[in-house]
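What follows is a single structure, written as structure tokens, with notes after it.
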Amino acid sequence: WMASPKQERSLFDSVKNLMKREKQHLTTGEPKLSETEVATLANLDRLHSTSDAAVFLTAEEIDEMEKEEAFVQHHQEDNAKKIEQEKNSWVNTLSSLISISSPSTGDFLSQITLGIQLATKSSAKDGPGGRVFNHTLHQFENPQFNMNFDVKEYCAGAFKEMRENLYNITAAEYVNEWTLPEEQLQAAEGAGKSGALFCFSKSKKFIFKTIFRSEVETLISFIKAYHKFCHQNPDTLIMRMLGVYCFSRAALTSTETYVLVFGNVNWSGVENAYPVHEVFDLKGRRTKTLRFHEEEGDSEKGVRKDKHLSRLFYAGENRTPLLHQLSKDVQLLQKYNLMDYSLLVGVHHCTEEEMKDLEAHPAHPASMGKSKFREYKGGFHANGEIYFVGIIDCLTFYGAAKKVAHSFKSLLWSKEQLSTVQAQFYAERFLLYMKDIFPEGDQPSVDPFIPCAATNMEDDMTIVIQGIQQMFKKTAPPCQEFTSKEYQEVIYHSIMVRESSMRVKEYTPALFSRLRVEWNCNAEFLANDLILPVLQIQATSMQITDETGAVKGTNIPSNSKRYIVETLQQRDVHTLFNFLKFYVPYMLEHPDSLLVKIVGLFKCSLNMLNWVYVVIMENPEYVPGNHTFIGSRLYSLQGLKVQQPTPPQNRDMSSSRPVLYLDRNLDRTFRIGPQREELLEIIKRDVEFLKEKQMILYSLVITVGKILGDSPDNEELQNIKRGFCESAFGEHNLLGCISNIWRKYGKREQVSSLSSILTRTKQEAMGITDPQYYGERFYEMASSVLTK
């Protein structure tokens, strides 16, 4: 674009006017230029880049233009430098509070600890007068650094009163704890992502942590409620905050350092202290399956998160008061819209000698008050362990910034996987999680589930199981004679679960009631056996897949592991419903049958567009008697002959269920002892029955695992009647059942089988094939893999 002399003169006058206005903005704070005016100003570059532009300007005008431009550019560079300085990390800026030249971490810590000491001494001289929630500004001279510095102590009277009256901490002890020798002037970065620095006091009784200004503002906003709550609830588990300070040195910088001092949850004294063997920082959220960065070590810095929790905490008689106090504490935090807090749990494993001399010490210095949860040197005793428990990091306000973060993260993860969620939802999830990881009763020989395995289960399955559990409480009476009415009977129920209505369709209730009586399955016991914590449902769920890797359903064991809840596809339910008229008489006539024992069939409708079909049956992994059997591998075999078998998988140690192996993973045979011939005859009879009814895709379920404790003797093994036998590798093999008996060889299957043949798929590798061939191949497989 080339401008005429008249146009360039007009442009020059406009630019000159705009540059004067920009100069006034930088010097006197006049309003900024609009976007249109800024764009016009940018045309100045075009004017200077035009070779003939200077012809139409006088020398004075060019000189004036260059001076104006230089002035504006200089001020813009200054502003950019200021913005860049403000963006520097606060950790680096804090160092400037100590010394101008290369301050060390030790100097920084020395400055902070000295400030805490001087501020405490100054507040002690002031006496109890004044308002407890007022802030106090202390000005001191530090001869070590040849400088003056300011310490602002927030709510000095309130924290002083709490230290002395609630936690039995005198001013002299508080000052002495922060008189650190040079070798203890060390700080560590926290396990979180905030980059906060932590420093222990002399005996590690107290900790100070650098925090943000927003956290200080949050604390000040609810300090009166916190102060009152701590007085009214001496058992509170909310962190014992002992002081909040702001350090600044106005002569050099306007940046400030904020420090929070609080009690160490895991401190148990100086002499004969309990070493903490495990530390967990738990928020109650599921593990994120999608991350933008890799983590270098799962539990670095010695603190384990939710995804590392591979155990439960059995608090015994302390469970009820502990959960009650947690509920009260969380209500306070929720009231003030706080979230992202966590429960810090330290665990000391007591030795036999410690158990002999174990007794409560309510007046021990580690108790820091009169809490029943701190009577054993700062913790409470249960299940041969000492638990140190406290709610920490409770100063995060769910404000505008967190709402924006939640909106973005919710596009990638579910609410169950986020810590940035609404305060009410966070509180409800937190309490529900604590109820699950602090289970009722004494510790069993095997934990019912591994918490860190709870990552992918949807909440719908939890509601379904709770609804079915209520169904068994009002079971129908068993029928004595079988008529077409009983086989076609369907009953609809409306059940309230979590304050919402769920419609349940129960198939042939009288028939299943009769079967439960025959198999000694008490409906009341089954209802109680299905009372499962949410976390347990999530952790013990296992996806059922076919040979192609397609997911067919999900199954979840009951508390006793005797029964299992499995989801089915709609067409499989219809096939099973029509198959019952043959299945029920056969099972009553042959009580030794290895066909899976089904005790209930339901359709659960959560709403008009969301429903789940569920079958309840005996668990093929269950071993009757007093022995605890833990399966590591679950084989589900159909007899397919795979050309290239897939190597077996390694069991994930965080899994609460065995690894599922199919025909392509078959890597061994199974010793079932002297019962082999008898069991093969039963399998042959059952297969003939299934062939007659045109059933396919059924599978033989075999579990490999170990018995905890003493192994059963030969007589007990014979009584189990399911080939329960020890292998040469020290493991036990358990012949479970013939499962998946709900697929019929119909027209759709015939078309699928024909298509596979046309594509030259070998019949021996086909799952959907002629029932006669399928049955013969199945029995041949059973005869080969089951050995004596």
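The values are calculated or read from the model by the stated rules, or taken from the named source; none is laboratory data. The structure presented is a predicted model; accordingly, all values stated were derived computationally and were not measured. Note: ideal-geometry Cβ built from the backbone for every residue, glycine included; neighbour counts use all protein chains shown. Accessible surface is based on the protein model in full, side chains and every heavy atom, while ligands, DNA and RNA are left aside. Shrake-Rupley method; radii C 1.70, N 1.55, O 1.52, S 1.80 Å.
Taken together, 635, 586 contain a single residue that is of a type outside the set (Asp, Glu), modelled with pLDDT under 95 and open to solvent by less than 50 Å² (accessible area, probe 1.4 Å), which is 635.
Yes/no per residue for (1) in contact with a Ser or Thr (Cβ under 7 Å, 6 or more places away or on another chain); (2) surrounded by 22 or more Cβ atoms within 10 Å (Cβ to Cβ); (3) acidic (Asp, Glu):
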| site | (1), (2), (3) |
| --- | --- |
| 352 | no, no, yes |
| 362 | no, no, no |
| 365 | no, no, no |
| 370 | no, no, no |
| 374 | yes, yes, no |
| 378 | yes, yes, no |
| 384 | no, no, no |
| 396 | no, yes, no |
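Among residues of region 504-515 that are at positive phi and touching a residue at least 60 places away in the same chain (Cβ under 8 Å), those with a Cβ under 7 angstrom from a residue that is open to solvent by 10 Å² or more (accessible area, probe 1.4 Å) and among the hydroxyl-bearing types (Ser, Thr, Tyr), sequence gap 6+ or separate chain, pair up as 508/487. Within region 612-632, the residues that satisfy the criterion of being of a type in the set (A, V, I, L, M, F, W, C) and either buried (at least 18 other Cβ atoms within 10 Å of the Cβ) or more than 34 Å from the chain's Cα centre (by Cα) (or both) are 612, 614, 615, 616, 617, 623, 629.
Residue 567 meets the conditions (1) hydroxyl-bearing (Ser, Thr, Tyr); (2) in contact with a Phe, Trp or Tyr (Cβ under 6 Å, 6 or more places away or on another chain); (3) within 28 Å of residue 628 (Cβ to Cβ) in every case but one. The failed one is (2).
Please tell me if residue 315 is buried (at least 17 other Cβ atoms within 10 Å of the Cβ), at pLDDT 85 or above and small (Gly, Ala, Ser). Criteria met by residue 315.
When 535, 594, 601 are checked against the criterion of being buried (at least 21 other Cβ atoms within 10 Å of the Cβ) and within 27 Å of residue 783 (Cβ to Cβ), 594 stands alone in meeting it. Evaluation of residue 174 against the conditions (1) open to solvent by 20 Å² or more (accessible area, probe 1.4 Å); (2) under 19 Å from residue 270 (Cα atoms); (3) assigned to a helix (DSSP H, G or I); (4) in contact (Cβ under 8 Å) with a residue 60 or more places away in the chain shows that the sole unmet condition is (1). With respect to being of a type in the set (A, V, I, L, M), at pLDDT below 90 and over 30 Å from the mean Cα position of the chain (by Cα), residue 185 fits the description. Taken across region 519-527, residues that are aromatic (Phe, Trp, Tyr) and more than 30 Å from residue 662 (Cα to Cα) do occur, with at least one present.
The one condition from (1) out of contact with any strand residue (DSSP E or B) (no Cβ under 9 Å at 6 or more places or on another chain); (2) modelled with pLDDT under 95 that residue 325 does not meet is (2). Against the conditions (1) modelled with pLDDT under 80; (2) outside any loop (DSSP other than H, G, I, E, B); (3) of a type in the set (S, T, N, Q), residue 784 satisfies every one except (1). Hey, among 486, 506, which residue is closer than 15 Å to residue 583 by Cβ and either of a type outside the set (Lys, Arg) or surrounded by fewer than 16 Cβ atoms within 10 Å (Cβ to Cβ) (or both)? One residue alone meets the criteria, 486.
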